[in-house]
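Written out below as structure tokens is the structure these notes cover.
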Amino acid sequence: MGSTEQLTTVATSPRSAELPSRWRWAARTAHSASSTLLRIGLTAVLAATLGLMAWAVLPLAAGWHGRVVLSGSMQPAINPGDVVLAVPVDPSRLRPGQTIAFRDPARQDHVDVHRIVRRNSDGTFTTRGDANASADSTPVPASNIVGLPRLRVPWIGLPQYWWRHHDYAPIGLTVVVLAAAMWAVASAPRGAAIPIGRHRRA
């Protein structure tokens, strides 16, 4: 009989009654911490994206020319999906070894970024991509030169690169991540933080 009373006393003791509430508090704390970390991560992604977009767009107001790199001909220095910003340059000042942005003589609506191999006697330039085994087949007239690349913004042009190559899955994933990041910022709590814990009534 004494043994039964002892078990009953232990089971209903205040300390054992606190255990479920402590578990619930720990679960709420863990959930709140994970939600906060996720929100911080998504906010960081959105901030980084907006920062890269600003770097890619603001120089255009100063007369620079920007383009999305769609090939790997200049790897490893320049990768597909990078945005290259070029400043206007006097073609007479260009020398072999410099990288230039130019309208492709074979495709006037296409801008390439390649390195000058030599300056020809007729005023044209022979160019080659760093990753290419041979020089470009068509010399570049001085009038086709857009500028001298001065700034590379990584990754920001990847959606255009994926679209050109019909790789739609990464585009969809990017849209989902950016939408989640904007939701995280928009739904962030305003005002003072609510303290977590138990409070006794006076």
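The values are calculated or read from the model by the stated rules, or taken from the named source; none is laboratory data. Since we're looking at a predicted model, the values are computed, not measured. Neighbour counts are summed over all protein chains in view; Cβ atoms, including those assigned to glycine, are modelled from backbone coordinates with ideal geometry. Only protein heavy atoms, including side chains, enter the accessible area calculation; ligands, DNA and RNA are left aside. Shrake-Rupley method; radii C 1.70, N 1.55, O 1.52, S 1.80 Å.
Of Asn132, Asn79, Val117, whose Cα points farthest to the positive end of the dipole of the range 47-142 (charges on the beta-carbon: +1 Lys, Arg; -1 Asp, Glu; origin at the Cα centre)?
Projecting each Cα onto the dipole axis, the largest value belongs to Val117.
Pairs of Cα atoms under 8 Å, at least six residues apart: use those to get the relative contact order of the range 23-166, whole percent.
26
Roughly how many Å² is the accessible area per residue of the range 77-194, as a whole number, for a 1.4 Å probe?
That works out to 59 Å² per residue.
Kindly state, to the nearest 0.05, the FRET efficiency for Ser34 paired with Asn120, given R0 = 45 Å and r defined as their beta-carbon distance.
Plugging the Cβ-Cβ distance into 1/(1 + (r/R0)^6) gives 0.10.
For Thr127, list long-range residues whose amide hydrogen, built 1.01 Å from N in the peptide plane, is under 5 Å from its own amide hydrogen.
Val117, Asp136, Val140
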